[in-house]
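The values are calculated or read from the model by the stated rules, or taken from the named source; none is laboratory data. As the structure is a prediction and not an experimental result, all values here were calculated from the model. Because the Cβ atoms are built from the backbone with ideal geometry, glycine has one as well, and the counts that use them run over all protein chains shown. Heavy atoms of the whole protein, side chains included, go into the accessibility calculation; ligands, DNA and RNA do not. Shrake-Rupley method; radii C 1.70, N 1.55, O 1.52, S 1.80 Å.
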Number of protein chains: 2
Amino acid sequence: MRAVSCADAKLSVVELPDPTPAQGQLVLGVLRCGICGSDLHAREHCDELAEVMVELDYGQFMRRDRPTVMGHEFVGEVRERGRGVRKEFREGAQVAVFPLQRVAGEVHPTGLSPLAPGGYAELVLAEQSLSFVVPNGLAPEVAVLTEPMAVALHAVNRGEVSKKDVAFVLGCGPVGLAVICWLKARGVRTIVASDLSPGRRALATTCGAHVVVDPTTESPYTSASSKFMTRAPDLLDLAVDSMDRLRRVPGWRHVFRAAEAAGVATPSGPVVFECVGVPGMIESVVSQAPLAARVVVVGVCMGGDSFRPSMAINKELDLRFVLCYTPLEFRDALHALADGKVDASALVTGTVGLDGVAAAYDALGDPERHAKILVDPASAVTTPG
Amino acid sequence: MRAVSCADAKLSVVELPDPTPAQGQLVLGVLRCGICGSDLHAREHCDELAEVMVELDYGQFMRRDRPTVMGHEFVGEVRERGRGVRKEFREGAQVAVFPLQRVAGEVHPTGLSPLAPGGYAELVLAEQSLSFVVPNGLAPEVAVLTEPMAVALHAVNRGEVSKKDVAFVLGCGPVGLAVICWLKARGVRTIVASDLSPGRRALATTCGAHVVVDPTTESPYTSASSKFMTRAPDLLDLAVDSMDRLRRVPGWRHVFRAAEAAGVATPSGPVVFECVGVPGMIESVVSQAPLAARVVVVGVCMGGDSFRPSMAINKELDLRFVLCYTPLEFRDALHALADGKVDASALVTGTVGLDGVAAAYDALGDPERHAKILVDPASAVTTPG
């Protein structure tokens with residue numbers, strides 16, 4: 001089969017043997033595979049990522065000197081079935097896949113391990129137990145968004161966002177945009193998006209952001225609403241005032257309980273999605289975010305990063321770190337796309353064939369031009385436009 | 001009145017004018033005041049703390065060169081009533097106080113602001129709206145623990161600990177010990193405590209820890225139970241296996257929902273209470289804690305601190321930072337003490353008069369000898385023993 005191999009940070013089209021399915025595995029003909037921001041990152045920094053993975057015993061992660069076929073956001077049609085595969089995965093069935101596979105008894109991340117080649121290829125292996133038949137005749141160019149939408153759904157779930165919350169999305173790359181799509185689908189009343197790039201801010205508006213901000217000229221936190229407490233005297237006043245006010249109500253002890261449950265006595269802050277992932281972002285969020293904010297950290301910052309715990313303590317912040325998603329969230333994302341409950345079409349800005357993957361990686365370096373580029377192995381397109 | 005003033009990190013007994021109550025305020029005769037770990041810290045590092053407070057507009061925080069009467073953990077009896085004070089606060093009534101007060105229209109932290117003298121004194125001001133009558137004839141030497149127990153209750157609430165969780169308490173100073181008392185009172189099945197000091201470990205056992213660990217010789221995480229995933233392959237296997245297992249059950253879609261709700265599909269980690277607060281502790285927790293742990297950061301680390309966000313992301317950790325407590329939690333702590341629902345008596349290791357406060361600060365530097373020392377302004381004791 002033809003595939004795109006990455007070695008020493010160079011991407012090249014190579015000929016590899018076709019994969020063979022083990023028990024419970026499927027061989028898929030790749031219909032679409034998305035290029036993920038973490039693929040761009042892994043091309044250059046995989047050794048650093050691998051060191052973290054070694055500490056966690058994550059099988060064998062990609063290394064600069066070990067050729068790897070990347071691509072973990074893929075949808076394909078069943079070409080070959082291993083032993084014990086269930087009927088629903090008949091030949092020709094289209095499936096979206098939670099990208100893990102067993103290789104020689106170990107679990108590997110498909111498309112991020114040299115032993116588990118990914119979706120920048122004509123064929124790819126999938127575990128039936130982590131495969132989901134694409135419902136409702138959903139087109140592959142939409143179904144392929146299941147994986148990034150699952151990442152964003154997990155982030156939104158980790159943020160415990162409700163409709164009445166104000167959500168701040170810092171960074172409008174594909175993950176930030178996908179988060180905005182879910183917030184919009186959930187009916188969140190105020191979605192504030194922040195990005196340095198005018199092009200990305202325009203995409204954020206298309207995805208559903210109510211307010212977009214250039215962080216070099218304006219703070220996202222003050223632009224949205226002045227009802228958030230970013231400074232302490234309000235919090236102290238609230239404590240004093242809420243006690244006085246509530247005590248005037250007959251049966252105030254029960255009212256207290258109800259008030260605390262409703263977040264009056266324990267003011268609940270807004271939710272901040274950190275989707276940038278560069279050194280200094282965490283300190284920046286910690287020092288600028290409103291009190292009691294739940295900060296969902298989705299952006300991956302490599303190496304050590306410094307921040308002031310005392311500021312996080314004084315603001316009673318939560319930093320909730322997010323890696324991926326559960327199989328259920330993956331399935332929920334697929335079905336929400338198929339049922340039209342979430343619209344992620346604005347994310348896709350181009351499509352290339354295998355011969356265009358290297359050019360697509362380069363093009364994704366410019367946020368003005370592209371957000372998410374898809375790979376279609378059947379296409380002959382070599383430039384993403 | 002006599003009071004202990006702190007200036008240039010020196011504590012000395014001084015004579016100050018008696019306080020006068022404004023509308024809605026009480027003057028209390030101090031019965032007991034606890035010496036808090038943050039008082040020891042503030043004596044030396046108040047300028048650094050004050051810089052953070054300035055950024056947050058926290059009124060006027062203590063400075064090295066501004067004499068301050070510390071003490072924010074106090075219980076007293078009503079001596080004088082301002083206008084508009086309710087009947088329940090009759091003269092002689094004993095009250096525990098949420099330590100905030102209005103001074104010239106601004107809210108100040110009592111005992112941590114030069115304008116709001118605290119409880120290391122014969123008399124102290126209190127807002128009636130943040131005062132709670134001590135119930136059930138609870139002795140002042142127990143009621144005085146309301147404030148530290150409220151801090152710990154808030155930390156336990158922020159950790160969303162349930163009985164079946166395993167809780168790790170890192171650092172068995174007064175706050176760590178108070179957290180252990182609440183975990184015990186809540187019936188948490190496995191409480192693992194870690195401290196360098198044998199004396200503190202013995203106190204942790206008295207407070208209710210099931211396992212105590214010297215972190216220089218043993219990891220608290222492996223000592224307690226091997227059921228936690230600290231490394232990734234288990235998590236990946238779980239995802240694969242849970243899908244296979246659950247799909248075999250009729251009506252698996254509903255089972256999926258139930259399983260996710262029950263934490264099968266989304267493995268919920270244990271709760272870690274970081275009660276040490278020295279540089280490097282956050283990275284230490286991030287690199288050693290089990291996957292998906294909720295880390296409640298109670299220990300105050302000043303200055304910048306570095307950690308690896310990529311490790312926190314790969315483990316999907318929560319860092320939940322904790323400052324103090326709500327008025328409701330303060331009240332709950334008081335009533336739990338009065339109803340015998342929580343036993344915090346092991347925390348107190350000594351009592352001194354005002355003339356013994358300086359010696360008590362020194363004595364608290366040795367974790368083998370002391371945990372919490374109380375100040376009783378009526379006592380003539382000058383050494384905590």
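Within region B:348-358, take every residue that is touching a residue at least 60 places away in the same chain (Cβ under 8 Å) and buried (at least 24 other Cβ atoms within 10 Å of the Cβ) and give me the one that is farthest from the other protein chains (Cβ to nearest Cβ).
Residue satisfying both the conditions and the ranking: B:354.
Can you confirm whether residue A:42 is open to solvent by less than 80 Å² (accessible area, probe 1.4 Å), touching a strand residue (DSSP E or B) at 6+ places or on another chain (Cβ under 9 Å), assigned to a helix (DSSP H, G or I) and over 18 Å from residue A:379 (Cβ atoms)? So that I can check it myself, show each step before the final result.
On the way: open to solvent by less than 80 Å² (accessible area, probe 1.4 Å): yes; touching a strand residue (DSSP E or B) at 6+ places or on another chain (Cβ under 9 Å): yes; assigned to a helix (DSSP H, G or I): yes; over 18 Å from residue A:379 (Cβ atoms): yes.
Taking the combined requirement at face value, the residue satisfies it.
When only residues in region B:327-337 that are open to solvent by 20 Å² or more (accessible area, probe 1.4 Å) and under 12 Å from residue B:133 (Cα atoms) count, which is modelled with the lowest pLDDT?
B:331
Being among the small types (Gly, Ala, Ser) and in contact (Cβ under 8 Å) with a residue 12 or more places away in the chain is the filter here; which residues of region A:285-314 pass it?
At the first step, the residues of region A:285-314 found to be among the small types (Gly, Ala, Ser) are A:287, A:289, A:292-293, A:299, A:303-304, A:306, A:310, A:312.
Result: A:287, A:289, A:292, A:293, A:299, A:303, A:306, A:312.
From A:26, A:16, A:49, A:11, which residue is over 20 Å from residue A:299 (Cβ atoms) and under 24 Å from the mean Cα position of the chain (by Cα)?
A:11
Give me a count of the residues in region B:64-96 that are basic (Lys, Arg) and either under 21 Å from residue B:2 (Cα atoms) or crowded, with 19+ Cβ neighbours inside 10 Å (or both).
The qualifying residues number 4.
Restricting region A:294-314 to residues that are aliphatic (A, V, I, L, M) and more than 7 Å from every other protein chain (Cβ to nearest Cβ), which is surrounded by the fewest Cβ atoms within 10 Å (Cβ to Cβ)? Talk me through it step by step, then tell me what you get.
As a first pass, look at region A:294-314 and keep what is aliphatic (A, V, I, L, M): A:295-298, A:300, A:302, A:311-313.
Filter again for more than 7 Å from every other protein chain (Cβ to nearest Cβ), leaving A:295-296, A:298.
Details: A:295: 25, A:296: 28, A:298: 29.
Here the answer is A:295.
Going through region B:359-385 one residue at a time, which ones are open to solvent by 10 Å² or more (accessible area, probe 1.4 Å) and of a type in the set (Gly, Ala, Ser)?
As a first pass, look at region B:359-385 and keep what is open to solvent by 10 Å² or more (accessible area, probe 1.4 Å): B:359, B:362, B:364-369, B:376-385.
Those that are open to solvent by 10 Å² or more (accessible area, probe 1.4 Å) and of a type in the set (Gly, Ala, Ser): B:359, B:365, B:378, B:379, B:380, B:385.
So residue B:222 clears everything in (1) under 15 Å from residue B:75 (Cα atoms); (2) surrounded by fewer than 23 Cβ atoms within 10 Å (Cβ to Cβ); (3) not aliphatic (A, V, I, L, M) except one condition, right? Which one?
Every condition holds for residue B:222 apart from (1).
I'd like to verify a number: residues in region A:184-194 that are closer than 15 Å to residue A:298 by Cα and either touching a residue at least 40 places away in the same chain (Cβ under 8 Å) or within 16 Å of the chain's Cα centre (by Cα) (or both), how many?
1
Need a quick list: strands (runs of 3 or more DSSP E) entirely within region B:101-187 having at least 2 residues that are within 19 Å of residue B:24 (Cβ to Cβ), at pLDDT 95 or above and open to solvent by 10 Å² or more (accessible area, probe 1.4 Å).
Correct list: B:123-127.
Somewhere in region B:121-134, is a residue within 12 Å of chain A (Cβ to nearest Cβ), within 18 Å of residue B:50 (Cα to Cα), touching a residue at least 12 places away in the same chain (Cβ under 8 Å) and under 20 Å from the mean Cα position of the chain (by Cα)? Steps first, please.
First pass over region B:121-134, keeping only residues within 12 Å of chain A (Cβ to nearest Cβ): B:126-132.
With the extra rule that they be within 18 Å of residue B:50 (Cα to Cα), the set shrinks to none.
No.
Which ones in region A:353-385 are closer than 19 Å to residue A:175 by Cβ and aliphatic (A, V, I, L, M)?
Those that are closer than 19 Å to residue A:175 by Cβ and aliphatic (A, V, I, L, M): A:360, A:363, A:364, A:371, A:373, A:374, A:375.
Evaluate region A:46-59: report whether one residue or more is among the β-branched types (Val, Ile, Thr) and either more than 24 Å from residue B:290 (Cβ to Cβ) or more than 11 Å from every other protein chain (Cβ to nearest Cβ) (or both).
no
Across region B:188-200, what is the total count of residues that are of a type outside the set (Val, Ile, Thr) and closer than 14 Å to residue B:157 by Cα?
Adding up the residues that qualify gives 0.
Being in a loop (DSSP other than H, G, I, E, B) and polar (S, T, N, Q) is the filter here; which residues of region A:87-100 pass it? Outline the logic, then answer.
Restricting attention to region A:87-100, the residues satisfying the condition of being in a loop (DSSP other than H, G, I, E, B) are A:87-93, A:98-99.
The answer is none; no residue qualifies.
How do the pairs read when you match residues in region A:315-339 that are more than 10 Å from chain B (Cβ to nearest Cβ) with residues anywhere that are open to solvent by 10 Å² or more (accessible area, probe 1.4 Å) and among the polar types (S, T, N, Q), using Cβ under 8 Å and keeping only pairs 6 or more apart or on different chains?
That search, which allows pairs on different chains as well, returns A:338/A:136; A:339/A:136.
Scan region B:1-39 residue by residue and report those that are small (Gly, Ala, Ser) and buried (at least 24 other Cβ atoms within 10 Å of the Cβ).
Of everything in region B:1-39, those that are small (Gly, Ala, Ser) and buried (at least 24 other Cβ atoms within 10 Å of the Cβ) turn out to be B:3, B:34.
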